[in-house]
1. Count the DSSP beta bridges whose two residues both fall in the range 80-162, then state the antiparallel fraction as a percent rounded to the nearest 5.
2. Give, as a single signed number, the net charge of other residues whose beta carbon lies under 15 Å from the beta carbon of S186, with Lys and Arg counted +1 and Asp and Glu -1.
3. Would you please give the residues with an amide H less than 5 Å from that of R288, counting only those at least 5 places away or on a separate chain, with H modeled from the backbone geometry?
4. Return the sequence-ordered ³J(HN,Hα) values of the range 295-300 in whole Hz as given by the Karplus equation 6.51 cos²θ - 1.76 cosθ + 1.60 applied to θ = phi - 60°, using x for Gly and Pro.
5. Output the Cα-based Rg and Dmax of the range 367-451 in Å, rounding Rg to one decimal and Dmax to a whole number.
6. In degrees from 0 to 90, rounded to the nearest 10, what is the angle of the helix 206-218 Cα long axis to the longest principal axis of the chain?
7. Short version: what are the Cα gyration tensor semi-axes of the chain, square root of 5 times each eigenvalue, largest first, in whole Å?
8. Report, for the chain, the % of DSSP beta bridges that are antiparallel, rounded to 5.
Amino acid sequence: MSETKILLTEKEMPTSWYNIQADMPNLPKPPLHPATKQPVGPDDLKPLFPLELIKQEMSRERWIEIPEEVQEIYKIWRPSPVIRARRLEKVLDTPAKIYYKYEGVSPSGSHKLNTSVAQVYYNKKAGIKRLATETGAGQWGVALSQACNFFGLECTVYMVKVSYQQKPYRRSMMEIFGANVFASPSNQTNSGRKALEINPESLGSLGMAISEACEDAVSRDDTNYSLGSVLNHVTMHQSVLGLEAREQLAKADTYPDVVIACCGGGTNFGGIAFPFAHDKIVNGAKVRLIAVEPSACPTLTRGHFGYDFGDVAGFTPLLWMYTLGKDFMPPGIHSGGLRYHGASPLVSQLVHDGIAEARAYGQTAVFNSATLFARSEGLVPAPESSHAIHCAIEEALAAREAGEARTILFNLSGHGLLDLPSYDTFLAGKLIDFPLPEENLKDALEHLPQV
Ligand SMILES: *Cc1c(COP(=O)(O)O)cnc(C)c1O
């Protein structure tokens, strides 16, 4: 019998990140300056990011070397395991093989440390002393404060208010690593104060918190901004997921028929899927790639494909992506990390071109699958990751229906041990779905920027 837990040694770790921009049949249209609506150049991004990350954002090089200091820190938890969910397979009575890449082993509890370590490294090399950022559910804030702590930088985090209230322990974790954490909208910035004037009860959104963090970074010379998702360089840093997983499945003598991940801004999906997208584009591999989002924030499945701002205030460049409109306020669902109006331009383009596909599920179905997974495998998944689990289960049941063997790989982007209040709500039967009527989507889409 093949192994249940497939491991790589440190020596087998990838030493370069994979950049899918080298292989895409169509690249997304370039980001545009928010005021001039002209393509942004490196100089436009310098108030926010160090030059090395700007170069990575725009690079068409297929491989970009992972600096040795970053690899050294990766080794604390990488390579992460691929685990075969044999007990889940049995419960589902499916002929499918279900494998998951488990990123909950990282000290931050999710995949986000893969990029935060890289980003802080390049900022430190550029002489930056302090980083400002936003966080949704708190995983990014934790990952960035840990990375800042490793490299000795200060860290300020604007945390979406609904999560600040629902997930107090993530704030505690950030503070352990020395970060300053504010509930967003906050009274620290002009954008925050303006939002509070309009609605003092605002639950916030990622788009709002991004505005606050960018404003903070631009207003100080010693401070840069750092984003945990959406952008090309962030997605590229996550490619270690797919590169490792492909090796691991090869050790088990298999190759996936379908690769699945949840999609908030798209980086854990891009991370696990892009090395397989390479095989599909370049070698004609017959692998399906599925990005899964909440039906309460259905960016890829019901959004508009075109230019939009990344934030509410309109400070960021216009990105070419699927979007629900920057003014879209997602309902307060329990997957804080998936409440974003836009998505990675690279993921958006691949979905548009039919190389990847997207599905959306309601949160009660997702928590049902999360609980089934926990009871079979013993592991409590993050609500975000549970979207991928629900899709993997759907695929495994379809394989049973069709009576066919199928190899399923999904990314389990993080553990749910700091999301237990959400499970309490589910177990008490109080979790509700938010199906979005077309009218709700129309309002925010009416205010898309004219380009
Ligand atoms: C942040 C987060 C996500 C969503 O972000 P992506 O950029 O779409 O990957 C998913 N899962 C977990 C556990 C997260 O922390």
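Computed from the coordinates by the stated procedures, all read-outs in this text should not be read as laboratory data. Bear in mind the structure is a predicted one, so any value in this text is a computation, not a measurement. Here the Cβ is made from the backbone with ideal geometry for all residues, glycine too, and neighbour counts use every protein chain on show.
1. Once the DSSP bridges in the range 80-162 are tallied, antiparallel ones form about 35 percent.
2. Local net charge: -3.
3. Placed amide hydrogens put V258, V259 under 5 Å from R288.
4. Taking θ as phi minus 60°, the curve returns 5, 7, 9, x, 4, 7 Hz for the range 295-300.
5. Spelled out, the Cα radius of gyration and Dmax of the range 367-451 are 17.2, 50 Å.
6. Orientation of helix 206-218: about 50 degrees from the principal axis.
7. 31, 25, 22
8. 35
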